[in-house]
Amino acid sequence: MKVRQLSAVLAASVLTLGLAACGDSAKDGATDSGSTGSSGGKSVKIGIKFDQPGLGLKVGSDYKGFDVDVAKYVAKELGDSDITWVQSPSAQRETLLSTGQVDMIFATYSITDKRKEQVSFAGPYFIAGQDLLVRADDSSITGPDSLTGKKLCSVTGSTSAQKVKDKYPGVQLQEFGTYSECVAALVSKGVDALTTDNTILAGYASQDQYKGKLKVVGKTFSEERYGVGIKKGDTALCEKINTALKKMVDSGDWQKAVNDNLGPAGFKVDTSVNPPKPDPCS
Ligand code: GLU
């Protein structure tokens, strides 16, 4: 009896420690990973977000979202059947790729010239735009020009935070490691708005616990071209991924992935730029 009680206590404390570790990993990144898929196939490490509903979301031991579906499609085309999913926070993506901790990244990862100095990109496979998320009862924020003196949240290492620093210096910018931390701060009134891609914001606004509490402003002020991050200079892999992406569009699977994952949030895809054609690999 004593032994059984002791082991119950131990089990409980291990569980607590485990949960604490999970919480930390959202900030530290890359420490939390999970494997899905069948054994015996070629294995691949794929970087995604774990906390972005509709795009890359860890649900128990499962992974869901548009980025996850595009990643699964591409992996299958490449002959990779054993996927290990690796959490890839915005600020860590270049390092994760250049150190080989991941082979490919599908994580709302915008193609930029600055990032191309460290990594290469296949795609783009989607085009989004930067927008603002505010509390539903706030009518004072109507776009980036009405942010002066307001507290704005974004994520370290993102194009979203960089844009604010470059173009809207009068704004009080608070940077966190993940967007879900910004959402929590917005709901608790620690900040007045959250800025990042409209896709990501739509996902949060439509989550059950935030329904009616948050709204997307709906005035985009950038073009975010989502690419597949790979190790710098791997042109052969880039070509293979682009072939897979084209096939995904032509087969209708790209549209299905959009409908399945972005549809529930009522997200309106800009069809004047989507689906995009992949850039030439270089
Ligand atoms: N797409 C933007 C970026 O790559 C913002 C979203 C993100 O941080 O993942 O920086």
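What are the pairs with Cβ atoms under 9 angstrom where one residue, in segment 269-282, is among the aliphatic types (A, V, I, L, M) and the other, located anywhere, is in a loop (DSSP other than H, G, I, E, B) and open to solvent by 40 Å² or more (accessible area, probe 1.4 Å)? Sequence gap at least six, or different chains. Listed pairs, sorted by first residue: 269/275; 273/223. The residue that is least open to solvent (accessible area, probe 1.4 Å), counting only those in segment 148-170 that are within 13 Å of the ligand (Cβ to nearest atom), in contact with a Pro (Cβ under 9 Å, 6 or more places away or on another chain) and not in a strand (DSSP E or B), is 164.
Selection of segment 128-147 for residues being within 14 Å of the ligand (Cβ to nearest atom) and either open to solvent by 10 Å² or more (accessible area, probe 1.4 Å) or not charged (D, E, K, R) (or both) yields 128, 129, 130, 132, 133. Listed conditions (1) of a type in the set (Gly, Ala, Ser); (2) open to solvent by less than 50 Å² (accessible area, probe 1.4 Å); (3) out of contact with any Gly (no Cβ under 9 Å at 6 or more places or on another chain) are all met by residue 236, apart from (2). Anything in segment 91-108 that is open to solvent by 20 Å² or more (accessible area, probe 1.4 Å) and either more than 13 Å from the ligand (Cβ to nearest atom) or part of a strand (DSSP E or B) (or both)? List them, or say none. Answer for segment 91-108, where residues must be open to solvent by 20 Å² or more (accessible area, probe 1.4 Å) and either more than 13 Å from the ligand (Cβ to nearest atom) or part of a strand (DSSP E or B) (or both): 95, 98, 99, 100, 101, 103.
Counting just the residues of segment 109-127 that are outside any strand (DSSP E or B) and open to solvent by 10 Å² or more (accessible area, probe 1.4 Å), which one comes out farthest from the ligand (Cβ to nearest atom)? Filtering segment 109-127 for residues that are outside any strand (DSSP E or B) and open to solvent by 10 Å² or more (accessible area, probe 1.4 Å), the one farthest from the ligand (Cβ to nearest atom) comes out as 117. Inside segment 227-268, residues that are without any contact (Cβ under 8 Å) to a residue 40 or more places away in the chain and hydroxyl-bearing (Ser, Thr, Tyr) make up a count of 1. Considering only segment 67-83, I want to know if a residue exists there that is within 16 Å of residue 52 (Cα to Cα), in a strand (DSSP E or B) and in contact with a Leu (Cβ under 7 Å, 6 or more places away or on another chain). So far as segment 67-83 goes, no, none of its residues is within 16 Å of residue 52 (Cα to Cα), in a strand (DSSP E or B) and in contact with a Leu (Cβ under 7 Å, 6 or more places away or on another chain).
Taking the numbered list (1) out of contact with any helix residue (DSSP H, G or I) (no Cβ under 6 Å at 6 or more places or on another chain); (2) part of a loop (DSSP other than H, G, I, E, B); (3) more than 16 Å from the ligand (Cβ to nearest atom) in turn, residue 270 passes all entries but (3).
The set of residues from segment 168-184 being within 18 Å of residue 148 (Cβ to Cβ) and either in contact (Cβ under 8 Å) with a residue 24 or more places away in the chain or touching a Leu at 6+ places or on another chain (Cβ under 9 Å) (or both) comprises 168, 170, 171, 172, 173, 174. Exactly one residue out of 133, 194, 173 is in a strand (DSSP E or B), more than 18 Å from the chain's Cα centre (by Cα) and more than 30 Å from residue 74 (Cα to Cα): that is 173. Of the residues making up segment 185-200, those that are away from the ligand (no atom under 11 Å from the Cβ), open to solvent by 20 Å² or more (accessible area, probe 1.4 Å) and in contact (Cβ under 8 Å) with a residue 40 or more places away in the chain are 187, 189, 192. Just to be sure, is residue 181 within 16 Å of the ligand (Cβ to nearest atom), within 17 Å of the chain's Cα centre (by Cα) and in a helix (DSSP H, G or I)? Spelling it out, residue 181 is indeed within 16 Å of the ligand (Cβ to nearest atom), within 17 Å of the chain's Cα centre (by Cα) and in a helix (DSSP H, G or I). Here is a check on your reading of the model: is residue 174 open to solvent by 40 Å² or more (accessible area, probe 1.4 Å), of a type in the set (S, T, N, Q) and under 28 Å from residue 97 (Cβ atoms)? Spelling it out, residue 174 is indeed open to solvent by 40 Å² or more (accessible area, probe 1.4 Å), of a type in the set (S, T, N, Q) and under 28 Å from residue 97 (Cβ atoms).
A quick yes/no check of all residues on (1) open to solvent by 60 Å² or more (accessible area, probe 1.4 Å); (2) closer than 22 Å to residue 176 by Cβ; (3) touching a residue at least 40 places away in the same chain (Cβ under 8 Å):
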residue: 44; (1), (2), (3): no, no, yes
residue: 50; (1), (2), (3): no, yes, no
residue: 54; (1), (2), (3): no, yes, yes
residue: 61; (1), (2), (3): yes, no, no
residue: 65; (1), (2), (3): no, yes, yes
residue: 72; (1), (2), (3): yes, no, no
residue: 81; (1), (2), (3): no, no, yes
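The values are calculated or read from the model by the stated rules, or taken from the named source; none is laboratory data. Since this is a predicted model, take the numbers as computed values, not measurements. Heads up, the Cβs are rebuilt from the backbone with ideal geometry, glycines too, and the neighbour counts pull from every protein chain shown. We work out accessible area using only protein heavy atoms, side chains counted, and drop any ligands, DNA or RNA first. Shrake-Rupley method; radii C 1.70, N 1.55, O 1.52, S 1.80 Å.
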